[in-house]
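Since the structure comes first, as structure tokens, the remarks are kept for the end.
The values are calculated or read from the model by the stated rules, or taken from the named source; none is laboratory data. As the structure is a computational prediction, the values presented were derived from the model and not from experiment. In this analysis, Cβ positions are derived from the backbone assuming ideal geometry, glycine residues included, and neighbour counts consider all displayed protein chains. Heads up: the accessible areas ignore ligands, DNA and RNA and are worked out on the full protein's heavy atoms, side chains in. Shrake-Rupley method; radii C 1.70, N 1.55, O 1.52, S 1.80 Å.
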Amino acid sequence: MIKVEHLSKRYRKTLAVDDLEFEVRPGVVTGFLGPNGSGKSTTMRIILGLDHPTSGRATIKGQKYGEIADPLHVVGALLDAKAVHPGRSARSHLRALAASNRIAFRRVDDVLEFVGISAVADKRVGEYSLGMSQRLGIAAALLGDPEVLLFDEPVNGLDPEGIRWIRELFRSLASEGRTVFVSSHLMSEMAVSADQIVVIGRGRFITQGSLESLTANAQGFVYVRSGDPAQLLRALVARGAVASPVNDGALSVSGLTTDDVGRIAFASGVTLFELTPQRASLEEVFMELTADSVEYGSPGRPGE
Amino acid sequence: MSSEVTLRSAVRAEWIKFRSVRSTIVGVATTFVLTIGLGAVICFAVRSRWSSAGPLRQATFDPVTTSLGGTLFAQFAVGVIGALFITSEYSSGAIRSTLAAVPARGALVVAKLVVLVSSIFLVAQIACFGAFSLGQSIFSGVVPTASLSTGPVLLSVFLGGVYLTALTTLGFALGLILRHSAACISVFTSLLLILPIVTFLLPQSWQNAFAKFEPSTLGQSMMTPTAPANSLSAGPATLLLFVYVAFALGLGVTMLKRRDA
């Protein structure tokens, strides 16, 4: 549904998006994950035809955004909830959007009702809390009953009840066969709200997959507490493992299974007190993935 | 498909946006107050001092231009209306939802212009004809008056409204170029207030050469039935003002199309 091909965007000296390539499929909630400043918002603006890409392209159902004759009927987007004229009422804001795409005003009342701001629909938007603005932004995105929905950091500013509401909304939109693309810099948010995840860092594509596949492929490590950590560390490093001391004299070992660590400890005569495999949490997977991208982009790397 | 974005639907959307903010209402009210109200104040002042005015002053008196004196102030009100119609979208960020709804940027500008120009044209015509009529009734009996049954007089009052409409469009064009309300209003004010002052400081021969081409002088030429020395007549003045506005608009549209929103 959404296809990003060799997309790059340069702002003066910074390369905000660097040869990005991915696809977002209908029927599932796809998370768009990356640290702040990694190019998520820029990518979304390019998908919506607001920013011009330096090279490459982004298409929705095979069309560039600007080529869609009735854009709000095909794509709904929430970029910045506060991006509404503060002096205008929510109803007028939605009616103007509706008029531009020939959507009946009855639909405006329906979406206002649906997001739960009917009672304040005639108040000036400048008086809204961030949570109310988010709901208005979602109402605007749903206005044209679009097949494709984009949300940029939608949970920011929502209270816990609002967050739960929005997660359920994404699920139900996806279950209706729509394409739902949601950005966040919080892995924990993606873990509960997304089925598929596209990870980027420094404007570059890092990985894409289901939640399970991302955690399964991530490197776990082995927690090992022993009678002689120093001796064990030397033995492990000699076998090519990456190991580092953690608190209470234990070691954290990656690149080896628990079986390997046990055999090495036995061979070097070190007593083991505890040997535990640790599966990486989503948060750690994310840190690991994006740390690589930061390292990749940092200047003065040896050998460069 | 019946749901396609057309110029007509974009105009409807812009009309809703135009009338649903307080700044438009305040701007239009200010335009009326300045054109008609301040115009009346000017006319009263002229009437009360008429007997003490010199013969030369009396001989060169123009009841049309004088009654339209309020446009000199109202031009800033309409300029601000035009500028805010686009800069408020940038300051709030609403330009992104606007362009997401109407991605064709050229069409968006045309839609905004249709709404802005037709509304302000109507407002400005009512204001100018109101100011003229009120002014003549204030003058009546004491000061020479003019009548709309005279062709050139009718044209001057009509062009007063055209001038204000052109200036709201200029404000809008500057808004497209500069995108910031404050910057836009500064430049607009500089063109209309500071430029004449700068010209005034130049040697007389330069003044004679340049002053007649300034936007504010063009306005005076448009609203005067008989062109005074060293100024263009109404026709060429109107045309030149349109050229300025068209140039600014062309630049604005080009920048809107090229830049990221």
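The lone criterion from (1) touching a residue at least 12 places away in the same chain (Cβ under 8 Å); (2) in a loop (DSSP other than H, G, I, E, B); (3) surrounded by fewer than 17 Cβ atoms within 10 Å (Cβ to Cβ) left unmet by B:Ala229 is number (1).
Those residues that are more than 14 Å from A:Tyr223 (Cα to Cα), modelled with pLDDT of 75 or more and crowded, with 16+ Cβ neighbours inside 10 Å, I need them from the stretch A:265-304; list them, please. Selection gives A:Ser268, A:Val270.
Is the stretch B:139-156 home to any residue that is more than 15 Å from the chain's Cα centre (by Cα) and under 26 Å from B:Gly27 (Cβ atoms)?
Within the stretch B:139-156 (the criterion being more than 15 Å from the chain's Cα centre (by Cα) and under 26 Å from B:Gly27 (Cβ atoms)), the answer is no, since none of the residues qualifies.
Filtered by the rule that a residue be assigned to a helix (DSSP H, G or I), more than 10 Å from chain B (Cβ to nearest Cβ) and either charged (D, E, K, R) or touching a Gly at 6+ places or on another chain (Cβ under 9 Å) (or both), the stretch A:28-68 gives A:Lys40, A:Thr43.
Taking the conditions (1) of a type outside the set (A, V, I, L, M); (2) farther than 29 Å from A:Met190 by Cβ; (3) in contact with a His (Cβ under 6 Å, 6 or more places away or on another chain) in turn, A:Gly56 satisfies each one other than (2).
In a helix (DSSP H, G or I), more than 10 Å from chain A (Cβ to nearest Cβ) and within 17 Å of B:Gly27 (Cα to Cα): is that true of B:Leu56 in this structure?
Working: in a helix (DSSP H, G or I): yes; more than 10 Å from chain A (Cβ to nearest Cβ): yes; within 17 Å of B:Gly27 (Cα to Cα): no.
No, not satisfied.
Please go through the stretch A:95-110 and give me each residue that is more than 10 Å from B:Ala101 (Cα to Cα) and open to solvent by less than 40 Å² (accessible area, probe 1.4 Å), ordered by number. The answer is A:Ile103, A:Val108.
Only residues that are crowded, with 18+ Cβ neighbours inside 10 Å and at pLDDT below 90 were counted across the stretch A:192-206, and they come to 4.
Looking only at residues of the stretch A:69-94 that are at the interface with another protein chain (Cβ under 7 Å from one of its Cβ atoms) and closer than 12 Å to B:Ala101 by Cα, we find that the one that is surrounded by the fewest Cβ atoms within 10 Å (Cβ to Cβ) is A:Ala69. Just one residue in the set A:Asp70, A:Asp51 is touching a residue at least 24 places away in the same chain (Cβ under 8 Å), acidic (Asp, Glu) and over 26 Å from B:Trp15 (Cβ atoms); that residue is A:Asp51.
Count of the stretch B:19-31 residues, restricted to those that are at the interface with another protein chain (Cβ under 9 Å from one of its Cβ atoms), open to solvent by less than 20 Å² (accessible area, probe 1.4 Å) and part of a helix (DSSP H, G or I), is 0.
Tell me, which residue of the stretch B:241-250 that is among the hydrophobic types (A, V, I, L, M, F, W, C) and open to solvent by 40 Å² or more (accessible area, probe 1.4 Å) is nearest to B:Val162 (Cα to Cα)? Break it down stepwise before answering.
From the stretch B:241-250, those among the hydrophobic types (A, V, I, L, M, F, W, C) are B:241-243, B:245-249; that's our starting set.
Next, from what is left, pick out any that are open to solvent by 40 Å² or more (accessible area, probe 1.4 Å): B:242-243, B:246-247.
Numbers: B:Phe242: 10, B:Val243: 14, B:Ala246: 14, B:Phe247: 17 Å.
The qualifying residue nearest to B:Val162 (Cα to Cα) is B:Phe242.
Of the conditions (1) in contact with a Phe, Trp or Tyr (Cβ under 8 Å, 6 or more places away or on another chain); (2) within 30 Å of B:Lys257 (Cβ to Cβ); (3) of a type in the set (Gly, Ala, Ser), B:Ala94 clears all except one; give me its number. Tallying (1) in contact with a Phe, Trp or Tyr (Cβ under 8 Å, 6 or more places away or on another chain); (2) within 30 Å of B:Lys257 (Cβ to Cβ); (3) of a type in the set (Gly, Ala, Ser), B:Ala94 fails exactly one: (1). Looking at the stretch B:88-104, is at least one residue away from chain A (no Cβ under 14 Å), among the aliphatic types (A, V, I, L, M) and either without any contact (Cβ under 8 Å) to a residue 24 or more places away in the chain or closer than 18 Å to B:Met222 by Cβ (or both)? No, because not a single residue in the stretch B:88-104 is away from chain A (no Cβ under 14 Å), among the aliphatic types (A, V, I, L, M) and either without any contact (Cβ under 8 Å) to a residue 24 or more places away in the chain or closer than 18 Å to B:Met222 by Cβ (or both). In summary, B:Thr71 fulfils each of the numbered conditions (1) in contact (Cβ under 8 Å) with a residue 24 or more places away in the chain; (2) among the hydroxyl-bearing types (Ser, Thr, Tyr); (3) open to solvent by 20 Å² or more (accessible area, probe 1.4 Å) with the single exception of condition (3). There is at least one residue in the stretch A:36-52 that is surrounded by fewer than 16 Cβ atoms within 10 Å (Cβ to Cβ) and either hydrophobic (A, V, I, L, M, F, W, C) or under 26 Å from B:Val102 (Cβ atoms) (or both). Scanning the stretch A:209-264 for residues that are closer than 17 Å to A:Gln278 by Cβ, without any contact (Cβ under 8 Å) to a residue 40 or more places away in the chain, within 36 Å of the chain's Cα centre (by Cα) and not in a loop (DSSP other than H, G, I, E, B) yields a count of 16.
For the stretch A:235-264, the tally of residues that are aliphatic (A, V, I, L, M) and open to solvent by less than 30 Å² (accessible area, probe 1.4 Å) stands at 9.
For the stretch A:173-191, taking the residues that are open to solvent by 40 Å² or more (accessible area, probe 1.4 Å) and at pLDDT 95 or above, the one that is nearest to the chain's Cα centre (by Cα) is identified as A:Arg178. Screening B:Thr145, B:Thr71, B:Thr87 for residues that are within 25 Å of B:Leu7 (Cβ to Cβ), of a type in the set (Ser, Thr, Tyr) and in contact with a helix residue (DSSP H, G or I) (Cβ under 9 Å, 6 or more places away or on another chain) leaves exactly one candidate, B:Thr87.
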